[in-house]
Each structure stands twice: as C-alpha cells, then as structure tokens.
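**Q** Before anything else, here's the structure in question.
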Amino acid sequence: MNKLQDWPEPVIRVQSLSESGLKSIPERYIKPATDRPSLNMEEDPTNMDVNIPIIDLTGLSEDGNNLPQSTMDQISLACREWGFFQVVNHGVCPGFMDQVRETWRSFFHLPMEMKHAYANSPKTYEGYGSRLGIEKGAILDWSDYYYLHYLPLTLKDYNKWPASPDSCREVIDEYGKELVKLGGRIMKVLSINLGLKEDRLQNAFGGDNFGACLRVNFYPKCPQPELALGLSSHSDPGGLTLLLTDNQVPGLQVRKDDKWITVKPAPHAFIVNIGDQIQVLSNADYKSVEHRVIVNSDMERLSLRFFYNPKSDIPMQPMEELVSTDKPALYSPMTFDEYRLFIRLKGPKGKSQIESLHSPR
C-alpha cells in the first residue's frame, strides 16, 4: 500500500485557480476531444424534455413499506432502464437539506489556510482534496472535494471533519443519520423488486456492518467549460448513491443510449443511483450507469454524494438466488476494499472496472 502514501505532484486547489481570474485553464485540465462536453446539448430537441424518472416515496417510512405497487414498478423500471432516479417525499426535511448544503458552501468559502488544515492524502482520501487517482501527469477534473466516513464507527473520526463553520459537525452528523435511514429503506425496496426477501440485499452488504461515507464536490467557475469536466465519466464503485445536488445550477449528466442527458433536479429531491456492487450482487439485473459532471463559466456548483456501501472485506459476488443455468454468475468475487483501490489509483475511468470483473466464460 506504500504507493498510496502521497500525491505524485504538488496539489493545486481548483478554487484558487478559478479565483485567480485566469482566462484559460491549465493544460492539466483540458480533456481529450472525445471526452469534452457538448454544452449546447439543451438545444438538441431530442434531449430537451428527457429527464431521469422522478418517483414519489410517500408511504415508505421507518415503520414499513406502504408504497403502492405502481411506485414499486416505477422504481424497478428505473433500476433496470436508467440506473438513476430522483425521489421526492422521502422523509428528509427540505429545510434541513438546504441547511446542510449551505453549511458546506460556507466551508468551501472559508480562507484557504483553514481548509488546508484538512488536506487529504491518497492513503484514505479523508479530508479536503483536489484529485482522484495518483497517476503522475494525469488529466485532472475541475473540482475540489471533501471526503469523510460515517460508518463503520471504527472509521468515523470527528477530528477529520471540518470544525468551521459553527455547528457544522452536528449538521454533518445529523445528515449522515438521516441518509443511513433513507438508504436502508430504499435497499428494502430494491431487494423486494429483485424477487428477494426485503433484508436480503442489506444482508449481502454485511447486515448492520455496512459502510457509509460522504463526498462533497465543489465545482468552481471555469473560464473554458467546453474543454473541462467537473468529474470525469465513471460509474460509482460502491453500492447505492444518494445525491443532494445544487438547487440552482445543473451539471450532472447521465449516459443513456449513448447520449449524455443533463439531469434536471426536482426541488428537494435526492438523486439515487445504482453502484457497481449492486450490479454485481444482482447479477446485472440492475446496472450502474456512467455519469459525469459538466462545469459552468458563470456559477459555482456544489453537490453532496452520500455512498451506502457494503462492508469492505466481504467478497461481493452475484447472489445465488439470481444465478441459474440460463444466467450463470457474471462476476468473479472481489471485496469492496479491493475493488475501490482501482479508482483510488487510476481515478474515474468510465465502466472499465466493472467490465474487467466479468467471469471467464
């Protein structure tokens, strides 16, 4: 693991670059022509009205699942067709969602020396960072971020959480508790929709010993957004992602039928997406989907990605109930710890990692 001890080059904060007033971005951030965003996508009439499904979770509570069958079917279709959907009436207070987002926005607007106190390393990624992957000379994304652990409790360390602005640790902690509960409720729905007992998927994650972490991405204004990406194309390596996105600025794009669809977030919705581990466990009944983030020359953007993950040392492989002679196991066993090492070393690379796991046939 020595190769993960430190970054290969001095870390440059993208926010500092943006605030310096530069007119063109450094070469390190210019994507190859094939990866650059098409910023006039909204003008394409075939994409104007397309959005990921928006699903009302009224009836899904800690006390039980009283969702109508039609809603269960909507979620099932979204998991199979899109790998993404938005949820509203999900049980998390809208005012609290705004408070959490603005608390983190305040953090990213603190003086740089205060944020530097939390600078991270590739060993754990915890803290304030500006790159994923440790390949020397890699083309970088136009974003800074903060990464922290909620679960397991052995990894939860308040000292690695920001102490400013005031009461932010309490707000961050409460947000984690709310999203652990929401993630658990959604896991039950996914499990039932796979034809399994409601706790089967959660048990495959390790039961009560699952993992949960948060990455807050900050995308500063970019003078040449047509050349850069805030986050390169990738599928999420973990289990389930719950995204609280910016309430003003769109940026998330999802790959669907070889087109990039710009997501239009519903007010106070969470965007839910399937990660690679659920693709493996479901034997590809549910699929993780490539997504990326575009940036903006006029407005900064902030998003909170909450990752609901399997216990890190359990081998993940297709659940036996979903394996048959007609559909043999598509993936070889691998622990989540082994799996996420790929993105930590190489950074986001489309779906190349999950595809490399296919069992030899």
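**Q** Please give the helix 69-81 orientation as an angle from the longest Cα principal axis of the chain, in degrees from 0 to 90, rounded to the nearest 10.
**A** The angle comes out near 60 degrees.
**Q** With θ set to phi - 60° and the Karplus curve 6.51 cos²θ - 1.76 cosθ + 1.60, what are the ³J(HN,Hα) couplings of the range 9-23 in order, to the nearest whole Hz, using x for Gly and Pro?
**A** Each residue's phi maps through the Karplus curve to give 9, x, 7, 10, 7, 4, 4, 5, 4, 4, 6, 6, x, 5, 9 Hz.
**Q** Label points 7 Å out from Cα along the Cβ direction at Gln224 and Asp326: separation in nm?
**A** So the label points at Gln224 and Asp326 sit 5.3 nm apart.
**Q** Using +1 at the C-beta of Lys and Arg and -1 at the C-beta of Asp and Glu, which of Gln86, Pro165, Ile192 has the Cα lying farthest in the positive direction of the dipole of the range 28-356?
**A** Pro165
**Q** Roughly how many percent of the accessible protein surface of the chain is carbon and sulfur, given a 1.4 Å probe and a whole-percent answer?
**A** Values: 8050 of 15700 Å².
C and S atoms contribute 51 percent here.
**Q** Which links in Lys123/Lys197; Lys123/Lys181; Lys156/Lys346 stretch past 32 Å when you go from one Cα to the other?
**A** On the way: Lys123/Lys197 37 Å; Lys123/Lys181 29 Å; Lys156/Lys346 25 Å.
Over 32 Å apart, Cα to Cα: Lys123/Lys197.
**Q** Could you work out how much longer the chain between Leu155 and Ala266 gets when fully extended? Use 0.36 nm per residue separation minus the Cα distance between them, nm to one decimal. Mind showing how you got there, number by number?
**A** Details: separation 111, 0.36 × 111 = 39.96 nm, distance 3.31 nm.
In short, 36.6 nm is gained.
**Q** Another question, if that's okay. Between Ser38 and Lys197, how high is the FRET efficiency from 1/(1 + (r/R0)^6) when r is the Cβ-Cβ distance and R₀ = 56 Å? Nearest 0.05.
**A** On the way: r = 44 Å, r/R0 = 0.79.
Once rounded, the FRET efficiency stands at 0.80.
**Q** Which FRET efficiency value, to the nearest 0.05, do you get for Glu102 and Arg344 by plugging their Cβ-Cβ distance into 1/(1 + (r/R0)^6) with R0 = 35 Å?
**A** Between Glu102 and Arg344 the formula returns 0.75.
**Q** With +1 on each Lys and Arg Cβ and -1 on each Asp and Glu Cβ, and nothing else charged, work out how big the dipole of the range 209-361 is about its Cα centre, in Debye to the nearest 20. Walk me through the intermediate numbers first.
**A** Details: 18 positive and 17 negative charges, 70 e Å.
Using Cβ point charges on Lys, Arg, Asp and Glu, the range 209-361 gives about 340 debye.
**Q** Using mean Cβ contacts within 10 Å as the protection proxy, how do 63-70, 258-265 order, highest first? Present the calculation step by step, with values, prior to reporting the outcome.
**A** Details: 63-70: 11.0, 258-265: 16.5.
Listed from highest to lowest mean packing, they are 258-265, 63-70.
**Q** Using a Förster radius of 51 Å, what is the FRET efficiency between Ile30 and Ser70 based on their Cβ-Cβ separation? Nearest 0.05, please. Provide the component values of the computation, followed by the final result.
**A** On the way: r = 47 Å, r/R0 = 0.92.
Approximately 0.65, to the nearest 0.05.
**Q** Right, another one. Hey, can you find the accessible area per residue of the chain for me, probe 1.4 Å, expressed in square angstrom? Intermediate results must be reported in sequence, preceding the final value.
**A** On the way: 15700 Å² over 361 residues.
On a per-residue basis, 43 Å².
**Q** Can you compute the charge dipole magnitude of the chain about its Cα centre, using +1 on each Lys and Arg Cβ and -1 on each Asp and Glu Cβ, nothing else charged? Give it in debye, rounded to the nearest 20.
**A** Values: 40 positive and 47 negative charges, 162 e Å.
Roughly 780 debye for the chain.
**Q** Right, next: Quick check: the distance between the Cα centres of the range 90-157 and the range 288-361, to the nearest angstrom?
**A** With the range 90-157 and the range 288-361 each reduced to a Cα centre, they are spaced 20 Å.
**Q** Continuing with the same structure: Highest mean first, how do 19-28, 175-184 rank when packing is the count of other Cβ atoms within 10 Å averaged over residues?
**A** Working: 19-28: 10.5, 175-184: 18.8.
Descending mean neighbour count gives 175-184, 19-28.
**Q** Going down the table (Lys177/Lys349; Lys221/Lys287; Lys136/Lys177; Lys136/Lys311; Lys23/Lys351; Lys31/Lys287), which pairs top 29 Å between alpha carbons? Working shown, then result.
**A** On the way: Lys177/Lys349 31 Å; Lys221/Lys287 32 Å; Lys136/Lys177 37 Å; Lys136/Lys311 31 Å; Lys23/Lys351 33 Å; Lys31/Lys287 26 Å.
Correct reply: Lys177/Lys349; Lys221/Lys287; Lys136/Lys177; Lys136/Lys311; Lys23/Lys351.
**Q** Is the range 219-361 best put as rounded, prolate or oblate by its Cα gyration tensor, with a ≥ b ≥ c the root eigenvalues, rounded for a/c under 1.5, and otherwise prolate when a/b is larger than b/c, oblate when not?
**A** Values: a/c = 2.17, a/b = 2.02, b/c = 1.07.
Here the range 219-361 falls in the prolate category.
The values are calculated or read from the model by the stated rules, or taken from the named source; none is laboratory data. Quantities reported herein were computed from a predicted structural model and do not represent experimental measurements. With ideal geometry, Cβ positions are generated from the backbone for all residues, glycine too; neighbour counts draw on all protein chains shown. Only protein heavy atoms, including side chains, enter the accessible area calculation; ligands, DNA and RNA are left aside. Shrake-Rupley method; radii C 1.70, N 1.55, O 1.52, S 1.80 Å.
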